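The values are calculated or read from the model by the stated rules, or taken from the named source; none is laboratory data. As the structure is a computational prediction, the values presented were derived from the model and not from experiment. Cβ atoms come from the backbone with ideal geometry, glycine included; neighbour counts cover every protein chain shown. Note: areas computed on protein heavy atoms with side chains; ligands, DNA, RNA excluded. Shrake-Rupley method; radii C 1.70, N 1.55, O 1.52, S 1.80 Å.
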Amino acid sequence: MPKHLTVKAHLTIEELERRYRQARDAIELTHYQTIWLLAQGRSTKDISAVVGYTPNSIRRLTREYNQHGPEVLRNRRRNQLGAPTLLTKWQQAQLAQALQGPAPDGGLWNSRRVAEWMSKLLNRPVGVQRGWEYLRLIQKRIEGAQPWSKTDV
């Protein structure tokens with residue numbers, strides 16, 4: 001029979017439940033729910049079926065909680081800045097200016113043409129999807145500009 005996980009009493013069962021029910025972030029909610037259910041004596045298999053975490057993830061979360069306390073139950077990804085934008089503000093301004101005129105081949109601007117323009121500027125390949133994202137971003141910033149094609153062709 002598998003060993004039952006134990007939870008250190010950093011918080012009472014009532015406090016774990018209160019924090020679980022008050023959590024507004026989905027990750028925090030699931031973390032508090034997991035530890036709360038474990039503190040009640042539920043099995044890892046049962047908790048896995050409820051919260052959708054693998055038993056290994058539950059064991060890892062429990063180990064971190066036991067070592068460091070409730071702080072590890074917060075969503076630590078929320079405060080991460082993420083990757084920098086592909087184009088700087090200055091480069092976005094350059095793109096906005098380029099989009100005011102015709103595309104380099106004389107047609108309408110579309111995601112493929114924006115991606116090609118960005119590839120030349122950055123000296124590396126840029127995907128069509130990224131071209132579409134920047135086309136939409138710049139479109140939202142420019143009011144009353146000429147229409148751009150929404151096709152990738």
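Among the criteria (1) charged (D, E, K, R); (2) under 16 Å from residue 26 (Cβ atoms); (3) open to solvent by 100 Å² or more (accessible area, probe 1.4 Å), the one residue 74 does not fulfil is (3). Of all residue pairs spaced 6 or more apart or on separate chains, those with beta-carbon atoms under 8 Å, a first member in the range 1-30 that is over 13 Å from residue 74 (Cα atoms) and part of a helix (DSSP H, G or I) and a second member that is at pLDDT 90 or above and open to solvent by less than 80 Å² (accessible area, probe 1.4 Å) are 13/36; 13/39; 13/40; 17/36. Of the residues making up the range 50-71, just one is open to solvent by 60 Å² or more (accessible area, probe 1.4 Å) and touching a residue at least 24 places away in the same chain (Cβ under 8 Å), namely 59. In the range 103-131, the residues that are among the acidic types (Asp, Glu) form Cβ pairs under 8 Å with partners that are part of a helix (DSSP H, G or I) and open to solvent by less than 90 Å² (accessible area, probe 1.4 Å), at six or more places apart or across chains, as follows: 105/113; 116/131. Would you please name the residue that is surrounded by the fewest Cβ atoms within 10 Å (Cβ to Cβ), looking only at residues in the range 77-106 that are within 25 Å of the chain's Cα centre (by Cα) and part of a helix (DSSP H, G or I)? Among those residues, the one meeting the criterion is 89.
Any chance the range 13-20 includes a residue that's open to solvent by 30 Å² or more (accessible area, probe 1.4 Å) and within 25 Å of the chain's Cα centre (by Cα)? Walk me through it before giving the result.
So in the range 13-20, the residues open to solvent by 30 Å² or more (accessible area, probe 1.4 Å) come out as 13-15, 17-20.
The next check asks that each one be within 25 Å of the chain's Cα centre (by Cα); those that pass are 19-20.
Yes: the range 13-20 contains one or more residues that are open to solvent by 30 Å² or more (accessible area, probe 1.4 Å) and within 25 Å of the chain's Cα centre (by Cα).
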